[in-house]
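**Q** My questions all concern the structure below.
Quick note: the coordinates plus some simple rules give every number you see, no bench work behind them. Not measured: the values here are computed from a predicted model. Glycine also receives a Cβ, built like all others from the backbone with ideal geometry; neighbour counts cover every protein chain displayed.
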Amino acid sequence: MTQPDADASCPIDSATPEQRAIVEQHLRPSEQLLWIGESDPQRMFVDADRWLIPFNAFFLVVVTTFLVGAARSQAHPRVLVLLSALVLVALHLSAGRFLVKRHRKRTDVYAVTTERALVTNGRRTRETDARRTDWYVDRTAEHVTVQWDDVSDLDTLFLGGSASAQQYANTGLDGMPGMREDFAMYDVIDGDGLVAALHRTSGR
């Protein structure tokens with residue numbers, strides 16, 4: 001059985017010229033571009049938000065209440081600074097992370113070549129070997145998310161392991177300093193094209 005050519009199995013004609021230009025500047029001479037896509041910027045919520053949103057709202061109310069009380073009682077300036085910092089953290093957890101996520105979705109471009117899977121915004125590029133077979137698909141009615149297993153080894157290091165590392169994936173809180181996460185392409189509309197490209201490169 002012969003493999004179909006790249007244009008037939010994984011069309012890239014739907015990519016904008018800007019997206020193609022961003023990816024092509026990172027291509028190696030030996031690489032062939034198989035697929036280009038992006039994360040749907042309209043899809044902002046994930047399953048983890050069912051507990052993150054109420055928890056973050058509660059945290060914001062609590063720290064704001066303490067800050068107001070401390071200010072009225074003329075607490076020590078260090079206490080006010082600490083509480084103000086916690087309010088800023090709570091604001092980021094409640095709203096700021098969605099701004100981070102929306103910006104990422106609007107600027108990141110996903111690509112699969114004959115050698116690598118890439119996530120790039122033109123300035124920062126993350127990649128993994130496209131021949132890896134440890135990827136798995138999370139499919140909904142309109143979107144496909146593909147993740148590669150980069151955190152399963154954490155299960156031997158601490159309670160919760162990979163589940164703890166993955167709970168913030170695609171929430172806007174992933175990518176924080178020290179945070180380990182799977183290499184992933186989230187909320188892709190052209191899921192069939194993405195999966196077809198990965199089948200070709202990984203041989204699965």
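**Q** How many nm is it between the label spots at Phe59 and Ala75, if each spot is 7 Å from the Cα in line with the beta carbon?
**A** 1.7
**Q** I've got another one for you. Loop-only chymotrypsin sites (Phe, Trp or Tyr not before Pro) in the range 30-88, please: DSSP not H, G, I, E or B, and at most 13 other Cβ atoms within 10 Å. Don't skip to the end; give the middle numbers.
**A** Values: sites: Trp35, Phe45, Trp51, Phe55, Phe58, Phe59, Phe66; in loops: Phe45.
Here the chymotrypsin sites (Phe, Trp or Tyr not before Pro) that fit, given the DSSP loop and packing criteria, are Phe45.
**Q** With the crude spin-label approximation of a point 7 Å out along Cα→Cβ, what separation in nm comes out for Asn121 versus Phe45?
**A** It works out to 2.5 nm between the two label points.
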